[in-house]
Amino acid sequence: MKDIKEQPQVQNFIDGSFERNGHAAMDVISPVDGSVISSLPLSTNLDVDKAVQSALKAFPEWSALTLKERVQIFFKYRTLLEKYCDELTQLVQLENGKTYGEAKAEVEKSIELCEFAVSMPQIVVNEIQEVSKGVECRIERKPLGVVASITPFNFPNMVPHWTMPNALVLGNTMVMKPSELVPLSTMRMAELLKEAGLPDGVFNIVNGGKEVVESLCDHPKIEAISFVGSTKVAKIVYQRAAGSLKRCVALGGAKNHLLVLPDANPEMTASNVVASMSGCAGQRCMAASVMVGVDQVQGIIDRMVEETKAIVPGENLGSVISAEAKKRIEDYITEAENNGAKVLVDGRNTTVSGKEGGFYVGPTIIDYVTTDMSVAREEIFGPVISIIRAKNLDEALAIENGSNYGNAAAVFTQSGGLAKQVMEKASAGMIGVNIGVPVPREPFSFGGWNESKFGVGDITGRSSIEFWTQNKKTTTKWNPEAQVNWMS
C-alpha cells in the first residue's frame, strides 16, 4: 500500500494520462493538522477544452459497447475499491479530516453505488409494443454524450461515485471537477478506473477553481452537468448551465429540522439527534441543524447534553475543512449567544493535542434559539444544533416549512399518526421517522426540495437513469399485408 502521507502533486487526468503544464498553483492543506500535503494546478479554459475533446473522441467507441460490456469494467473497478479500501479511507481522512470510521463508511457507500451501476442491465430494459396490427414501437435509452460533474469537499470519495459510475455505465463520457480542497481521492479514483480497464478519454479530471466551473457550464460540447455544493453556487451553476442549453441538476445546502415530540423515546432520540448533528463534523447536507422541541422535551435535551460528553475532537469527532470554516462556525455560535440564545455545550476554541494546527470545533448545543436568528435560518455546516421551542406539532411544522431549504426533515415520536402528519406536511424531499440522517439507500435516489435542489430529477438511484440518458423512439412496419390506417 502507498504511504498515505507522501502525496504527489495533484495533476489533471486527460485522455488516460496525468499532466500538469506550468499552471499557477495552490496548496492542498490537511485539516487534520494544518499541514500542506500537496499542490493543485489552477487549470484554465484550455485544459477544460482539452479534456472535453478527449471525452468527445472516446464517446463513439464507448457508447457503441453494449450495456453489459461497459458494466464488466465496473465489476473490476468495484473489486479494486474493496482491495484498496483501507488506503482510500486514509486518503479521505487526510484530505477531509473525517474519523477513520466515517471515512471508511464513505468508501463503503462508494462500493454500494458501484453495485447499483453494475445492476443496470437488469434495470434499463428497452420497451417494445405492437401498437397497431403489424406496427411496433420501441423505446431505447441512449447516452447524452460528454457530461460533467462538479463535486464538493465534504465527501471526496462518495459524491464522485454518485455520478461517475451511473453516467459512464449508461454510455456517456465525463469530465469531473473535484473540490480544490480535496482533489486526492478523485485522482486515485482515476488510477483505479484505468487499472480496471476503462478506455482512455472516457473519464477525465480537470482541477482548479471558479474558472474551471464556468468553463464547464459554458462549453458547447458538454450536454449535461451535475453539481453538489452550497445553494449560492448551485443557483449560479444551474442558471449558467441552463443558459447554455444544458441539462443540469444542482444540489445545494440544507437546514434540516428534527421535530422531537414529548412521547419520543428519550435515549434513542438523544443519541440519534447528537449523532446526526456531530457526524462528519456536521459537514453533510443531511446533518441535523435545528431541533424543534415540541412541548415538554427538557429531559431529552438534558440527555443530549450528556451524550456530547462522549464526543472527543480528534478521536471520534473529525476536523472541519479549513481555518475559515472554523471561524465561520464559531462566529455563528457567538452571534447566537449575543442575541440571547443559551449555549448549553460550547465547542468554540477547541484544539487537539499534537494536532494544534488542525481545524476543530467541538459539539455545540444552543438552546432558546428564535426563528429570526442566523443559526436558525442559515446553513452552518459544523457540529452545531440549534434548539427552537414549539407549543405543538402545527407550530413545529410551520417552523420547518418556513425554511428556504428542503433537503431533509425528521420526527421523533412513538405515535404513527403524528409521524404520518409530518411525513405528509413537511416540505422536504427526504423524511425520517426516528432516524436522524434519513439518507435513502440505492436504488432510491437522493434529492431535496426548495432551495436544496435546482433542476429536474436526481443524479443517483433509478432517477439518475432519466438524467443521464435520452429516449430514442422507433416505429417499424414489416408486414405489407397489415391493415392500412392513419399510422401508415
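What to note about this one:
- Heavy-atom accessible surface of the range 307-347: percent carbon and sulfur, 1.4 Å: 46
- For the range 354-397, accessible area per residue (1.4 Å probe, heavy atoms of protein chains only), Å²: 36
- 303, 240, ranked by accessible area, largest first (probe 1.4 Å): 303, 240
- Our Cα-only numbers for the range 1-152 put the radius of gyration and Dmax at 20.6, 72 Å.
- When each of the peptides 70-79, 185-194, 413-422 is scored by how many other beta carbons lie within 10 Å of its residues on average, the order from highest to lowest is 185-194, 70-79, 413-422.
- Remark on the range 330-488: Rg and Dmax equal 24.3, 86 Å (Cα only).
- Less than 5 angstrom separates the built amide H of residue 411 from those of 259, 432, 433, 434, 435, all sequence-distant by 5 or more or on a different chain.
- Under-5 Å amide H pairs with residue 203, H placed in peptide plane, nonlocal only: 174
- Compactness of the range 213-342, expressed as Rg and Dmax over alpha-carbon positions, Å: 19.3, 58
- With a 1.4 Å probe rolled over the protein heavy atoms of all chains, the accessible area of 295, 458 falls in the order 295, 458, largest first.
- Volume per residue of the C-alpha convex hull in the range 286-397, rounded to whole Å³: 100
- Greater than 19 Å apart at Cα, pairs in 68/142; 177/221; 232/453; 109/355; 57/194; 177/210: 109/355
- Electrostatic bookkeeping for residue 460 treats Lys and Arg as +1 and Asp and Glu as -1; over the other residues with beta carbon under 14 Å from its beta carbon, the sum is -1.
- Residue 387 long-range amide H proximity, modeled H, under 5 Å: 291, 366, 367, 368, 369
- Whole-percent carbon and sulfur share, accessible surface of the range 6-139, 1.4 Å: 52
- 3J(HN,Hα) from dihedral phi, the range 160-177, Karplus parametrisation 6.51/-1.76/1.60, rounded to Hz, x for glycine, proline: x, 7, 4, 10, 4, x, 5, 4, 6, 4, 7, x, 7, 10, 9, 10, 10, 10
- The range 44-202, accessible area per residue, ligands and nucleic acids excluded (1.4 Å, Å²): 36
- Where only C-alpha atoms are counted, convex hull volume of the range 127-280 per residue in Å³: 214
- Helical mean residue ellipticity (222 nm; -39500 (n - 2.57) per DSSP H run of 4+; nearest 500) of the chain: -12000 deg cm²/dmol
- Largest-first ellipsoid semi-axes for the range 189-268, taking √(5λ) over the Cα gyration tensor eigenvalues, angstrom: 35, 22, 11
- Neighbour-limited loop hits for GluC sites (Glu not before Pro), the range 1-69 (at most 10 other Cβ within 10 Å; DSSP other than H, G, I, E, B): 6
The values are calculated or read from the model by the stated rules, or taken from the named source; none is laboratory data. These figures come from a predicted structure and were not determined experimentally. Positions of Cβ are generated from backbone atoms using ideal geometry, with glycine treated the same way; all protein chains shown enter the neighbour counts. These accessible areas exclude ligands, DNA and RNA; they are computed on the full protein's heavy atoms, side chains included. Shrake-Rupley method; radii C 1.70, N 1.55, O 1.52, S 1.80 Å.
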